Amino acid sequence: MRLISSLLTVAAIFPTTPAYSQDGDYKNAFVEANILSIFYHELGHAIIDLMNVPIFGQEEDAADVMSVLLIDWLYNEEDAQAIAYDSAFGYLNDPNQTEEVPYWDLHGPDEQRFFNHICVFFGANPEEREDLAEDLGLPDERAETCPDEYDQANNSWGAIFDEMENHTESVSMVFKAGRALDEHIAVQLLEDEVRHMNEDLKLPQKVTVEVVDCGEANAFYDPETVTITFCSEFVEHLEEIYDVLFPR
């Protein structure tokens with residue numbers, strides 16, 4: 001049995017209801033969790049750029065790690081587990097396995113990112129998250145190293161955030177949305193997230209966070225304009241992933 005088949009089985013038997021989803025809509029909760037995880041990933045790229053963070057390895061891996069750390073740092077245990085669970089599956093961009101694995105890509109293979117995400121999150125609180133790791137199929141051999149992996153990630157990124165907190169001057173993120181997107185789920189979620197993060201996050205330069213129509217499912221950070229762009233089409237892509245992983 002191929003790995004993806006095992007993951008699909010896991011998804012089918014453990015359709016959690018994230019606590020932060022007020023309407024009990026599983027698909028909506030899945031989409032929200034992944035919008036947040038994707039935003040935190042792109043924020044990681046922005047911080048790496050603005051803070052001149054030295055990266056030994058692939059920058060995409062470092063941004064993945066910062067994303068899961070923010071989920072661990074920002075939310076209570078119940079919400080963090082729900083978001084981490086759903087956003088782990090968001091890494092499986094081709095759940096039907098219709099495309100060849102792009103080993104040349106800057107991003108690691110989907111399944112590897114899936115397990116890296118689970119490992120760092122589990123390692124932050126193994127006693128509370130043992131069931132989650134087991135449900136998501138984290139092998140015992142990898143689970144043994146996860147607390148150390150979390151400590152390493154926490155020390156590395158924690159030092160960057162400590163440095164940011166010591167800035168005497170800081171600039172807030174600015175949010176904007178494209179036309180006719182006021183009711184879009186990504187606009188509603190990210191506008192609120194930016195507002196809350198501005199209360200604590202100190203940046204050395206203004207970062208614009210935008211939700212716009214791009215013509216493709218994508219999200220990216222542009223160092224030239226210092227802008228995090230979340231494409232509105234990404235939501236439909238996430239819904240399609242959900243429909244494959246959690247069939248009714």
Q: Could you do me a favour and compute the accessible area per residue for the stretch 150-240, 1.4 Å probe, result in Å²?
A: 57
**Q.** DSSP-loop GluC sites (Glu not before Pro) across the stretch 141-197, with at most 14 other Cβ within 10 angstrom
**A.** 144, 169, 183
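Using only alpha carbon pairs under 8 Å that are at least six residues apart, calculate the relative contact order of the stretch 159-248 and give it in whole percent. Present the calculation step by step, with values, prior to reporting the outcome.
Working: 127 pairs, mean separation 24.3, N = 90.
Relative contact order here is 27 percent.
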Q | Residue-count net charge about residue 194 - beta-carbon cut-off 11 Å; Lys, Arg +1, Asp, Glu -1 | A | -3
Q) Measuring from the lowest to the highest alpha carbon on each principal axis, how far does the stretch 95-248 reach, largest first, in angstroms? A) 45, 43, 32
Q: Could you list the trypsin sites (Lys or Arg not before Pro) in the stretch 164-222 that lie in coil according to DSSP, counting only those with at most 10 other Cβ atoms within 10 Å of their Cβ?
A: 179
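Quick one: net charge of residue 41's neighbours, Cβ under 12 Å, K/R +1, D/E -1? Could the numbers behind the result be given before it?
Numbers: positive: 113; negative: 42, 59, 60, 61, 64.
Taking every other residue near residue 41 into account, the sum is -4.
Note down the net charge around residue 52, summing +1 for each Lys or Arg and -1 for each Asp or Glu among other residues with Cβ under 15 Å from its Cβ. Write out the running numbers ahead of the final one.
Numbers: positive: none; negative: 49, 59, 163.
Result for the neighbourhood of residue 52: -3.
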Q) Under a straight-distance cross-link criterion of Cα-Cα below 14 Å, which aspartates and glutamates are reachable from residue 206, leaving out those fewer than 8 residues away in the same chain? A) 49, 169, 222, 224
(Q) Can you give me the solvent accessible area of residue 145 with a 1.4 Å probe, rounded to the nearest 10 Å²? (A) 60
Q. What nm distance separates the two modelled labels at residue 51 and residue 128, each placed 7 Å from Cα along Cα→Cβ?
A. 2.3
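The values are calculated or read from the model by the stated rules, or taken from the named source; none is laboratory data. If you're wondering where the values come from, they're calculated on a predicted model, not measured in any experiment. Note: ideal-geometry Cβ built from the backbone for every residue, glycine included; neighbour counts use all protein chains shown. Surface areas here come from the heavy atoms of the whole protein model, side chains and all, with no ligands, DNA or RNA. Shrake-Rupley method; radii C 1.70, N 1.55, O 1.52, S 1.80 Å.
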